[in-house]
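Heads up, the thing below is written out as structure tokens.
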Amino acid sequence: MKRDTENSVIKGTAACIAVGSELLGDAKLDLNSLEITRTLETYGFEVVEKRVVGDSIERIAASVREMLNDCEVVIVTGGLGPTADDVTREGVALAFGRELFFDPEVEVWLQERYERVGRTMPEIGRSMAMVVEGSEIIRNTAGSAPGILVEDEGRLLVVLPGVPWEMRSMVESHLKPSLEKRYDGSIRRSRTLLMGGVVESEAEQRIRHLYDRFGRDNVTILASFGALRLVLTATGAETHVEQELDRMEEAYREILGEDVAGIDIPGLAHAVVPALVALGQTLATAESCTGGLVGAALTDVSGSSEVYMGGVVSYSNQVKESMVGVPHDVLMENGAVSEPVARAMAEGVMDRFGTDWGLGVTGIAGPSGGTDEKPVGLVHWAVAGPDGVFAQHRVFPGDRSIVRQWSVNVVLDLLRRQLISQS
């Protein structure tokens, strides 16, 4: 990226601002910026900052000014409606030191939009006909609130509605053409290596020497519960980018080996199902603490019906005995959350369903039910297959939901590694 010599703008950089006080709480997330980021990267722009701002004219103006001071392109979403808390127009006008004026042509168009759906535009709807001096109005073909486009001293500001489908419509009609004009032929692409059974600190320790070769800013580690994503990024001409990503992938794979489950896949189940298909083998599951989440992850994958025969949510001891075949004495001697029971669940469900593989997982997800000997977060899991039964256990940190997410990923990763040994 290079800085424009006439001002402080760094060419090829972009920022996103999501407007809405509701986004500052825990009720709603800003998802629009994810789609906008993908669009920006398609045209070679690097998103260097994202920000959520409440419904405040002054805060909106300050954020727009600050980001336009550094970035070539700034995209704002939200706050364009007719209600009192929709103040993005005012914020943009303040940021540029420009006036807002009422545009009768926009009002007529808005009235037509309302009439088209059999409604009369309310009086407050006239506020959407207020236009920032020197801006271009973006007509909303998927709703009513117009967008705003401002070009100023080599910088581009595009303001879009917060309603997702309205935002997407304007991305296609105006944002992409505007970015196309600034497109210098470079693209920015990423490739994601999904790993199982590796924690963030361990991965960092193993790969950090490659940062000098490929650049620290071109590698991002995203940790989740039992899975890790290594995002590799390259910028430049399309041919160069693909070659660079190939080199990066090869180098990181050489170090990480079988810890890499796949490339650009959503989850570990998307590595397990194709592996089973390739081997022509089948699978059944017996779940306790995960309550069917392993089965759900598997059936999210297209083609899983070829290899996943079904599962049992054996939450109670009675069901573990009657439907999975866990011996009564094993339960009584060891308790439901134990390695022998996890092994028996995996073997039992494999036998009952007549499959090549069986998974068993049992644990204490919490928040209650733990003891000093078996604390909340303790999970036992096992994989039964052609080479016998393999079992592991761990005490996972976090709340009930997190413990269950960990459990799904670790049992799928254990199966994935056993499948590698078969292929």
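Please treat every number below as a calculation from the coordinates, not as lab data. All values derive from a computational prediction rather than experimental measurement. Note that we place each Cβ from the backbone using ideal geometry, even for glycine, and neighbour counts take in every protein chain shown.
Here are some notes:
- Charge-dipole axis of the chain as Lys and Arg at +1 and Asp and Glu at -1 on Cβ define it, positive-most pick from Leu149, Val92, Thr282: Thr282
- Taking amide H as placed 1.01 Å from N in the peptide plane, the amide H of Val52 sits under 5 Å from that of Ala18, each at least 5 places away or on another chain.
- Net dipole in debye of the chain [+1 Lys, Arg Cβ; -1 Asp, Glu Cβ; about Cα centre; nearest 20]: 360 debye
- For the range 280-288, 3J(HN,Hα) computed residue by residue from phi via the Karplus equation (6.51, -1.76, 1.60; θ = phi - 60°) reads x, 10, 10, 9, 9, 10, 10, 10, 10 Hz, glycine and proline entered as x.
- For the range 347-354, backbone phi angles converted through the Karplus equation (6.51, -1.76, 1.60; θ = phi - 60°) give residue-by-residue couplings of 5, x, 5, 5, 5, 5, 8, x Hz, Gly and Pro being listed as x.
- Take the Cα of Lys176, step 7 Å toward its Cβ, do the same at Ser322, and the gap between the two points is 5.7 nm.
- Mean separation of Cα contacts under 8 Å, 6 or more apart, over the residue count of the chain: relative contact order %: 10 percent
- Distant-in-sequence amide H partners of Phe396 (H built 1.01 Å from N, under 5 Å): Leu378, Val379
- Ascending count of other beta-carbon atoms within 10 Å, so fewest first, for Val277, Val74, Val219: Val277, Val219, Val74
- Taken as Cα centroids, the range 243-287 and the range 56-78 sit 41 Å apart, rounded to the nearest whole angstrom.
- To the nearest ten degrees, helix 104-116 and the longest principal axis of the Cα atoms of the chain are 40 degrees apart.
- FRET efficiency, Ser368 to Val231 (Cβ-Cβ, R0 41 Å, nearest 0.05): 0.60
- Here the spin labels are modelled as points 7 Å beyond Cα on the Cα-Cβ line, and at Glu133 and Glu105 they lie 1.9 nm apart.
- Distance (nanometres) between label positions extended 7 Å along Cα→Cβ at Leu24 and Asp212: 4.6 nm
- For the chain: lysine pairs under 19 Å (alpha-carbon distance), excluding those fewer than 8 apart on one chain: 6
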